[in-house]
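Each remark here refers to the structure printed beneath this line.
The values are calculated or read from the model by the stated rules, or taken from the named source; none is laboratory data. Keep in mind that this is a model prediction, so the values were computed, not measured. So basically every Cβ, Gly included, is an ideal-geometry build from the backbone, and we count neighbours across all protein chains shown. Each accessible area value is taken on the protein alone, full model and side chains, heavy atoms only, with ligands, DNA and RNA left out. Shrake-Rupley method; radii C 1.70, N 1.55, O 1.52, S 1.80 Å.
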Amino acid sequence: MLEKSVKIGLAGFGNVGAGVWKNLEANRKLIEGRSGVHLEITRVAVRDPKKQRDVQIPAGIVTTDWRELIDADDVDVVVELIGGTDAAFDLVTSALKAGKIVVTGNKALLAERGVEIFRIAEENNVPVFYEAAVAGGIPIIKAVQESLIGNHIEGIYGIINGTSNYIMTRMTEAGLAFEDALKEASDLGYAEADPYLDISGWDAAHKAAILASLSYGYWVRTEDLHVEGIDRVTSADIHYAEKLGYVIKLLSVVKAHGDGEIEVRTQPSLIPSGHILASVNGVFNAVSVHGDISGECLFYGSGAGQDPTSSSVLSDIVDAAHAVTKDHRGLGFTAHALYGKTMPVQDTVSEYYLRITVNDQPGVISAIATTLANHGIGIRATSSLKPSEMKENGFDEVILVLHAAKFGVLQQAVTEIEALDCVTDSVVCFRVEDLDSK
Ligand code: HSE
């Protein structure tokens, strides 16, 4: 019989909440043996108590009002898994003000309102744990917070949205249409309740903002994030990229520059097909962290889904239980002033892939090349379809890989290219990422 007991209130019993209950029961002996604490879920707040669930919970502990978790004497730790940013903010901040330790997997909430949440955590000396907020089952938060604490983080490259990666993998490997691949991702419990967050790049961007904030000691504002999603990636782009020696991934890049500025951006990006990140497929995520002392550390695992995500929540529940029993008060985020400025995306530099839809007429290539040259941008490679493939696609496209340039300069050149008579549609532009640069 364990001497210490910690009481947990679970707010939200969807895919992840049910996974937390199920896996705590399945591995209870192991978790309690390792932690030395008895963990008891005393209350569960749900939206619809009548809903049919695969995982059964005793009716006596169910409520439809999360406020009961805040007021109850038999809740030490509040686990927020309701999602969204409005009620979840009220729930988290009410818990902190009531002195209850918070566990949350809510990346949108932390990215958008982290400043307020950690201020309230500090005022009340109550910690917030959020391992499940980034990269599902990969223990990346604690790796950055604890294991790499002795390092300046030079850069982070992450594939951190399982749904987007799953969709692009299924489009590439099984030839699935975008919509069908998205339906699979939703059926498997990978996609957000609103899959727009996945497809638009915002889910990954929220996670990138959290990693950047942890790495650089100031809470990065969501308005300073550059975000593009996978909605403009076509099978043709995947095919062209392959011919050029790349794969396309939704990549989040967090990078520090010598002057203390950092860049935080999420975009479909071409990465060399021989690079280890290129083989991260399906729902898997990978985060490559470059520390100035550690060198590159690569973290790989399932980025979404009930079991992997609940593994991260369980680790936070144990940390929270230790914070209850041992009065440990690492608050979850510690600000410092070594960095503090996010670089405007226009100043960020990379190579680019352009897909330009054109009327096939003399002088097309030279008009485009001249426009790029006027902005000092050179062409590094081109790709073209075989005649048979051209017919299938039914239009003429110019595919270019450009030498490195500032994004702002590239945008000006693209605007001028789009104004050319021979160009018939908006230009598709993805980054080509040099993953070895610091
Ligand atoms: N929708 C998210 C993803 C869930 O696909 O990565 C995990 O955060």
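At a glance:
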| quantity | calculated |
| --- | --- |
| Whole-number accessible area per residue in Å² for the chain, which is evaluated in the context of all protein chains at 1.4 Å | 43 Å² |
| Among VAL144, ALA193, GLY260 the positive-end extreme of the charge dipole of the range 140-304 (Cβ point charges) | VAL144 |
| Accessible area of ILE230 in the full protein assembly, 1.4 Å probe (Å², nearest 10) | 0 Å² |
| Contour excess over end-to-end distance, with Cα ends at VAL115 and ASP71 and 0.36 nm allotted per residue | 13.4 nm |
| Set of lysines near LYS406 by C-alpha distance (under 26 Å), chain-local residues within fewer than 8 positions excluded | LYS207, LYS243, LYS249, LYS255, LYS341, LYS438 |
| Nearest-ten-degree value, helix 87-97 long axis tilted from longest Cα axis of the chain | 50 degrees |
| The range 345-432 - convex hull of the alpha-carbon atoms, volume per residue in Å³ | 88 Å³ |
| Net lengthening on full extension, ILE149/ASN125 (0.36 nm per residue, minus Cα-Cα) | 6.5 nm |
| Rounded to 10°, Cα long-axis angle of helix 107-124 versus longest principal axis of the chain | 40 degrees |
| Positive-end residue, the chain charge dipole about Cα centroid, Cβ charges, pick of GLN361, HIS375, TYR339 | TYR339 |
| Total charge dipole magnitude, the range 223-328, about the Cα centre, Cβ charges on Lys, Arg, Asp, Glu only, Debye to nearest 20 | 440 debye |
| The chain - percent of accessible surface contributed by carbon and sulfur, probe 1.4 Å | 50 percent |
| Tensor-based shape of the range 85-198 (alpha-carbon gyration tensor, a/c under 1.5 rounded, otherwise prolate or oblate) | oblate |
| Estimated dipole of the chain in Debye, rounded to 20 [Cβ of Lys and Arg +1, of Asp and Glu -1, Cα centre] | 820 debye |
| Max mean-square fluctuation residue, GNM over the chain, Cα-Cα springs under 10 Å, options ASN374, ASN124, ASN165 | ASN374 |
| In Å², nearest 10: area of LEU400 left accessible to a 1.4 Å probe | 10 Å² |
| Dipole of the chain, positive direction: furthest Cα of LEU298, LEU110, GLY33, with charges on the beta-carbon | GLY33 |
| Area accessible to solvent at HIS206, 1.4 Å probe radius, in Å² | 10 Å² |
| Gyration tensor verdict on the range 140-304 (Cα atoms; rounded if a/c is under 1.5, prolate if a/b is larger than b/c, oblate otherwise) | prolate |
| By average C-beta atoms within 10 angstrom, highest first, the peptides 137-143, 148-154, 263-269 | 263-269, 137-143, 148-154 |
